[in-house]
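Taking it in order: structure first as structure tokens, then the write-up.
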Amino acid sequence: VQAGAYATEDACRALILLVIATPDLHGYAARKFYAALTNSIDTAEPALITVASWCVGEYADILTSTSPTLLQGEEPLSVSEADILSLFEQILVRPDTSVVCREVTLTAIAKAAARLPHCAPQSKEMLDKYDRSPQVEVQTRAVEFSRLFKYDAIRPQVMEHIPPVEDSGTYDAS
């Protein structure tokens, strides 16, 4: 958590790609990043906010599972849909949250809504709050995701889990 101030965007992307490529880590990463961000929400660095928000949104269904597959020695973590939305709200209302972190969190809200249908109305309300944001990138993302709620038939497919990326050999996270 403390090293977050020194983590680059490339390192964050590399970590996300590692999680995507390792299905056994999906639930573990979501639980650990959720716990880390929850425990340090007021002081979390952008790198932690970015990666944690992404993992929690992408794997919200696994995170809220009542019978998750745990790694050996891992303690279970009970997380509700309301807990996830509360965490996202805390990120968005922080005055020092960067534009990139807000964008990733809005994406995570849209992803979570597709995986947890019961929280879709609350998720849409959260997105709608940012449709007039002075930050153009945030506003754009909020409007795009909010509009997806008009198309319930395709929204789950648009927000499907990201498949593993084939290694092109050109990505260097160092």
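Odds and ends about this structure:
- Convex hull volume per residue in cubic angstrom - Cα atoms of the chain: 128 Å³
- On the basis of the beta-carbon distance and an R0 of 30 Å, Gln139 and Glu9 show a calculated FRET efficiency of 0.90.
- Fully extended contour minus Cα-Cα distance, from Arg94 to Lys32, at 0.36 nm per residue: 20.2 nm
- Proximal charge balance of Ala30 [Cβ under 10 Å; K/R count +1, D/E count -1]: 0
- Lysines with Cα under 25 Å of Lys150, excluding same-chain neighbours fewer than 8 positions away: Lys111, Lys124, Lys129
- Two-site label geometry, Glu125 and Ile41: point separation in nm, points 7 Å out along Cα→Cβ: 1.6 nm
- Dipole magnitude (debye, nearest 20) for region 1-138, charges at Cβ of Lys, Arg, Asp, Glu: 140 debye
- Taking only protein heavy atoms and a 1.4 Å probe, the accessible area of the chain is 55% carbon and sulfur.
- Length released on extending from Ala153 to Thr69, taking residue separation times 0.36 nm less the Cα-Cα span: 27.3 nm
- For the chain, excluding the exposed loop sites themselves (GluC sites (Glu not before Pro), DSSP loop, at most 13 other Cβ atoms within 10 Å), the longest remaining stretch covers 75-159.
The values are calculated or read from the model by the stated rules, or taken from the named source; none is laboratory data. Since this is a predicted model, take the numbers as computed values, not measurements. Cβ atoms come from the backbone with ideal geometry, glycine included; neighbour counts cover every protein chain shown. To get the accessible areas, we keep the full protein, side chains included, count just its heavy atoms, and leave off ligands, DNA and RNA. Shrake-Rupley method; radii C 1.70, N 1.55, O 1.52, S 1.80 Å.
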